[in-house]
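**Student:** My questions will all concern the structure given below.
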Amino acid sequence: MIEIPSDLHKDVVPLAFLLGTWEGAGVFDFPGAEKCNFGQEIVFRHDGRPFLEFRSRTWVLDNEGEKVRPLENEHSFWRITSNPHGAGGARGVEISSVRDDGTVEIWYGELADGKPQVEVSTDAVARIEGSAPYSGGKRLYGFVKEELLWVGEKAAPEVPLRPYMSAQLKKVLSPAQLIKDINDLPDDGIAFFR
């Protein structure tokens, strides 16, 4: 179920399905880099202004699913836009993003009609001298059966656009939400199980 917080800015209500902390695992595979399984935590949050804040941390997993080392970190801001140059109208999405390797990206895309799904592509990429070669990408995020699924495509000067990362994430319930849910039980607590 998708909940819309009462203090969420009206402009980003269409992105409410993304809110929360999500954790799970995925696969990383790009030419010139080690193929691996990775763990991921994504946090989408808001502070009442007309954007969502996104934070993603990923780490390489060993064969037993244990953390080995960091893989990629990213921080971005997601907005709904009607920019005619970047998206097709009121359901357009724009993202400004920075990654830990010194890559800065501007993404534009759209929300799907009638389903909680966002597809974006890079419009601009800037890199510091030491970052890996990268010329652009595409991403698709979707809320499917209470999970957040995503796939990323990447291009480099010698590598055409191709899938390189994908993950399946589950929403993490906060202790505060669990306490609220417990407080909503009948007074004796037993009636819930009858």
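**Student:** For LYS35 and LYS145 in one chain, what is 0.36 nm times their gap in residues minus the Cα-Cα distance, to one decimal in nm?
**Tutor:** 36.8 nm
**Student:** How compact and how long is the stretch 17-88, expressed as Rg and Dmax of its alpha-carbon atoms in Å?
**Tutor:** Cα only, the stretch 17-88: 15.6, 48 Å (Rg, Dmax).
**Student:** Can you pull the one-decimal nm distance between simple spin-label points at VAL27 and LYS67, each 7 Å off the Cα toward Cβ?
**Tutor:** Placing both labels 7 Å along Cα→Cβ, they lie 2.5 nm apart.
**Student:** For LYS170, list the aspartates and glutamates whose Cα falls under 12 Å from its own Cα; do not include residues on the same chain fewer than 8 positions away.
**Tutor:** GLU23, GLU41, GLU146, GLU147
**Student:** Please give the solvent-accessible surface of LYS171 in Å², to the nearest 10, using a probe radius of 1.4 Å with every protein chain present.
**Tutor:** In the full protein context, LYS171 sits at about 100 Å².
**Student:** Further, regarding this structure: Could you list which residues have their amide H under 5 Å from that of LEU8, counting only those 5 or more apart in sequence or on another chain, with H placed in the peptide plane?
**Tutor:** Amide H neighbours of LEU8: none.
**Student:** Give or take rounding to whole Å, what are the principal axis extents of the alpha carbon atoms in the stretch 1-154, in descending order?
**Tutor:** 42, 34, 26
**Student:** Could you check the spin-label model distance between ARG45 and VAL98? Points 7 Å from the Cα along Cα→Cβ, value in nm.
**Tutor:** 1.8 nm
**Student:** Students often forget the sequence filter, so: which lysines lie under 20 Å Cα-Cα from LYS171 once same-chain residues fewer than 8 apart are removed?
**Tutor:** Partners found: LYS67, LYS115, LYS145, LYS180.
**Student:** I'd like the GluC sites (Glu not before Pro) in the stretch 13-87 restricted to DSSP loop residues with at most 13 other Cβ atoms within 10 Å, sorted by number.
**Tutor:** GLU34, GLU64, GLU66
**Student:** Here is a further query. Could you state the accessible area per residue of the stretch 1-138 in Å², with a 1.4 Å probe and every protein chain left in place? Could you put the intermediate results ahead of the total?
**Tutor:** Details: 7320 Å² over 138 residues.
Dividing the accessible area of the stretch 1-138 by its residue count gives 53 Å².
**Student:** Once the dipole of the stretch 8-140 is set up with Lys and Arg at +1 and Asp and Glu at -1 on Cβ about the Cα centre, which of HIS46, HIS9, SER56 lies farthest towards its positive end?
**Tutor:** HIS9
**Student:** Under 5 Å between amide H atoms, partner at least 5 residues away or on a different chain: which partners does GLU110 have, H built in plane at 1.01 Å?
**Tutor:** Under 5 Å from the amide H of GLU110: VAL93, GLU119.
The values are calculated or read from the model by the stated rules, or taken from the named source; none is laboratory data. All figures in this text were calculated on a predicted structure; none of them were measured in a lab. Virtual Cβ from ideal backbone geometry, glycine too; neighbours counted across all protein chains shown. With ligands, DNA and RNA removed, areas are computed over all heavy atoms of the protein, side chains included. Shrake-Rupley method; radii C 1.70, N 1.55, O 1.52, S 1.80 Å.
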